[in-house]
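Presented below is the structure to which this report refers.
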Amino acid sequence: MKYQQIKIDELKPYKNNARKHSKDQLKKIAASIKEFGFMNPVLVDGKNTIIAGHGRVEAAKTLGIEAVPCVLVEHLSESQKRAYIIADNRLAELSEWDMELLNLELNELKQLDFKLDLTGFDAIPKLEGPGSGNIYTNKIQIPLYEIKGEKPSEANLYDTNKYDELVGEIEVMDAPKKVKDFLKHAAARHTVFSYDKIAEYYAHAPKNVQKLMEKSALVIIDYKAAIENGFVQLSNDLAEAYKNELDA
């Protein structure tokens, strides 16, 4: 494959290209090219027929770009070229987003005052919340910690039903105290927190309580700090408890 600059007016779209580009999409592609440059070369055959990159070429035209980087593809048969034109578009559609990581990246870009529409997203997608069907994997979008209503009672901030059930079983089992202590620590993972209520509670709380809530990763002010102070620490505590039990 050979890399070269080719004038746009010399490029020919594939006549049976089934992929269509809306005006809105072309505007977004053009904005991306303007911000980042023409990062993804157009694939063409020996006759300058576009194999991949129709949308990028059309968007470049609106920006007045005269030539774009292209890769000359000569090793494909005629049937392979036609199949790849379809595959290049279809295979990209089959990928999935890790919504939690996507939400994290977009939120951090927003905090850096980066224009989110340049990523192709006009807004930060909402993550699954309470009621999604799995109380152990509730996902939330970072809330704005401002007072919106009455301060929730502490009893409504968390649910210990599963934890209490496990502790009850641990208490009556025939096992050394160290084993029971370890299992109780592990059972604490099943405490379910109501993060929407916790956000409201945090907004009402005094500074010293807010600080400890941050360190406990009950609220996310700084993702890195939350991981360092909360989630990873819990895993370390459990690992250490298990190690101590094995060493006993």
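FYI, it's all coordinate maths here, none of it is from the lab. Model, not experiment: these values are computed from the prediction. Note: ideal-geometry Cβ built from the backbone for every residue, glycine included; neighbour counts use all protein chains shown.
By the Stokes-Einstein formula, at 1.567 mPa s and 4 °C, the stretch 14-69 with its Kirkwood radius over alpha-carbon pairs has D equal to 111 µm²/s. Compared with the direct C-alpha span, the chain from Ala123 to Glu169 gains 11.9 nm at full extension, assuming 0.36 nm per residue. Within a straight-line Cα-Cα reach of under 17 Å, Lys81 can be paired with the following lysines, leaving aside sequence neighbours fewer than 8 residues apart in one chain: Lys2, Lys12, Lys15, Lys47. Bridging of Lys27 to aspartates and glutamates at a Cα separation below 17 Å is possible for Glu35, Glu58, Asp117, Asp122, once same-chain residues fewer than 8 apart are set aside.
Sorted ascending by nearby beta carbons within 10 Å, beginning with the fewest, Arg82, Arg90, Arg56 become Arg90, Arg82, Arg56. Using the Cβ-Cβ distance between His75 and Gln111 with R0 set to 35 Å, the FRET efficiency works out to roughly 0.15. May I ask you to list the lysines whose Cα is less than 24 Å away from that of Lys184, ignoring any residue fewer than eight positions away on the same chain? Output for Lys184: Lys162, Lys215, Lys243.
Convex hull volume of the C-alpha atoms in the stretch 16-137, normalised per residue: 154 Å³.
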